[in-house]
Amino acid sequence: MKRLTFILLTNITLNATTITELFDALSRQPLTQIDIINTQKAKVIKDKINSSYYPKVDLFGDYTHYNSVTNLKPIDPITTAKLTQNNSAIPFAQSIEKIGIKISIPIFIKELSTLNKKANILIQNAKLKKRLNLYQNEALIVGYNSSFEYLDNLLLALNQTKKSLETTRKNIKISVDLERTPAIALDKIDEKINNLNISINNIEIQKNKIISNIEQLTDIEIKNPIKMQLVSNINKSEIFALKPLKTALKASNLDVKATKEKREYPKVSLNMMWSQNYTNNTINNKSDSEGYGYYQIGLNMPIYNKSLDSDIEISKISVMKNRLQLEKTKQNLEVEAKQLEKELKLLKISKNLSLKNIKNRENLLKFAKVSFDTGRMTEEEYLRYEDELLQSKAKYYEIESKKWQNLAKLAVIYGNDLKGVIK
């Protein structure tokens with residue numbers, strides 16, 4: 001008995017999932033982890049740009065064989081004359097080995113500061129997309145759960161109608177057995193009950209699909225719809241869904257600027273090199289080595305580079321595309337937000353009217369049952385009252401589901417975390 005009680009309590013705990021728990025589960029799912037990786041990638045891109053400010057250091061070594069003897073290092077005429085006067089051998093050889101180090105230190109690269117700003121915006125863009133994707137997935141959960149609740153309530157209404165019809169069927173069966181009512185009356189109500197069973201089965205299929213969709217998002221399988229409660233109004237200070245597009249437009253503008261700077265400004269760098277040159281076979285048949293190095297201030301000014309001009313045009317096209325996308329999305333979201341807000345007000349009115357309609361249909365059905373039992377109403381007329389009550393309930397549940405879906409869409413548009421709006 002204790003074991004059975006423990007199992008029951010365990011099952012109750014597992015099924016007592018809240019909407020907040022589903023929201024929290026999103027952060028542990030691969031979709032959210034991908035957004036986190038994209039943010040990290042944007043940071044690495046910035047680090048790569050900043051690395052261009054640092055010196056580049058390379059070790060090198062090579063072996064070169066010439067077709068004629070060559071000096072180990074450049075020698076000026078004065079040094080050559082001194083070596084000749086002193087009868088010293090000038091270090092020449094046909095095969096030379098070199099080992100050394102090269103250092104290049106950037107002094108001025110105009111586009112780097114612009115690219116750094118672009119990288120900061122790309123990081124911001126990745127974070128905004130991560131938030132927006134999270135809000136969209138939260139809205140999906142609310143939408144699925146509201147549809148689940150709608151189907152669950154509709155299933156309850158169908159079963160209530162079925163139970164009502166089965167009770168009526170018993171009375172008809174008695175009347176048929178007593179030969180007061182033709183047998184076709186049973187066929188009519190059996191067909192109605194059979195259609196209800198088909199509808200009930202179809203709803204179970206839809207419920208199973210919704211459960212699967214929620215599990216795909218959260219890795220949590222829920223058995224029943226979760227009750228939701230509105231705890232805060234939606235903050236409508238700005239259209240958050242436009243922010244990623246705005247940052248993308250800023251980044252593309254900076255891309256144009258950086259490409260132009262690469263085309264119009266010189267690059268200045270400090271370059272240094274030192275190498276030790278070796279040979280095992282000079283013209284005097286002995287080994288020798290010489291050190292050789294330099295430092296220089298290098299300036300590189302692009303005069304003509306067609307590919308850079310093409311890059312500028314490609315960047316301008318990206319700016320144009322992002323600007324048009326922003327304008328179109330802004331127009332769509334403003335219209336959608338306006339429509340959703342109006343619809344929410346109308347849904348509130350419709351909900352109250354539907355509730356009154358349900359009560360009226362319930363009363364009418366009671367009278368219809370009495371009239372049918374006393375023979376003052378045909379079977380078709382009675383069944384019509386059953387249908388009308390069922391349709392009224394379905395409409396009411398549909399309105400309630402639509403309300404939650406509209407609230408979730410508004411939350412995404414205005415950038416509200418649904419964890420602070422619904423519990």
Point to revise | Long-range HN-HN contacts of ALA93 with modeled amide H, under 5 Å | key: THR70, ASN71, LEU72
Review point. Is the shape of segment 204-256 rounded, prolate or oblate, going by the alpha carbon gyration tensor and its root eigenvalues a ≥ b ≥ c, with a/c under 1.5 for rounded and a/b larger than b/c for prolate?
Key: oblate
Review point. In degrees between 0 and 90, to the nearest 10, how far off the longest principal axis of the chain does helix 30-50 point, with axes built from Cα atoms?
Key: 20
Revision key, fill the gap. Going through LYS209/LYS345; LYS257/LYS321; LYS102/LYS260; LYS170/LYS356 one by one, the pairs whose alpha carbons sit over 19 Å apart turn out to be LYS209/LYS345; LYS102/LYS260; LYS170/LYS356
Review point. So which lysines pass the test for LYS262, namely a Cα distance under 16 Å, with those fewer than 8 places away in the same chain ruled out?
Key: LYS110, LYS117, LYS118, LYS306, LYS316
Point to revise | Integer Hz, Karplus 6.51/-1.76/1.60 couplings in order for segment 311-318, x for Gly and Pro | key: 4, 4, 5, 5, 5, 5, 5, 4
Check your understanding: Got a sec to turn the phi values of segment 368-374 into Karplus ³J(HN,Hα) couplings, 6.51 cos²θ - 1.76 cosθ + 1.60 with θ = phi - 60°, whole Hz, x for Gly and Pro?
Key -> 5, 4, 5, 5, 5, 5, 8
Check your understanding: Can you run phi through the Karplus equation (6.51, -1.76, 1.60; θ = phi - 60°) for segment 295-304 and list ³J(HN,Hα) in whole Hz, with x for Gly and Pro?
Key -> 9, 8, 9, x, 10, 10, 10, x, 9, 9
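If I take every Cα pair under 8 Å that is 6 or more residues apart in the chain, average their sequence separation and divide by the length, what percent do I get for the relative contact order?
26
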Point to revise | Amide hydrogen neighbours beyond the local backbone of GLY415, cut-off 5 Å, H modeled | key: PHE240, ALA241
Review point. So, by mean Cβ neighbours within 10 angstrom, what's the order for 271-279, 402-410 with the highest one leading?
Key: 402-410, 271-279
Study note, to complete from the structure: Most exposed first, judged by fewest Cβ atoms within 10 angstrom, GLU386, GLU380 run GLU380, GLU386
Point to revise | Listed peptides 292-304, 42-54, 108-120, 211-223 by packing density, highest first (mean Cβ within 10 Å) | key: 108-120, 211-223, 42-54, 292-304
Revision key, fill the gap. Least to most buried among LEU59, LEU140, by other C-beta atoms within 10 Å and fewest first, runs LEU59, LEU140
Revision key, fill the gap. Rounded to whole Å, √(5λ) for the Cα gyration tensor eigenvalues of the chain, largest first, gives 84, 26, 18
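A short reminder: the numbers here are calculations on the coordinates, not readings from a lab. Predicted model only: the values in this text are computed from it and were never measured. In this analysis, Cβ positions are derived from the backbone assuming ideal geometry, glycine residues included, and neighbour counts consider all displayed protein chains.
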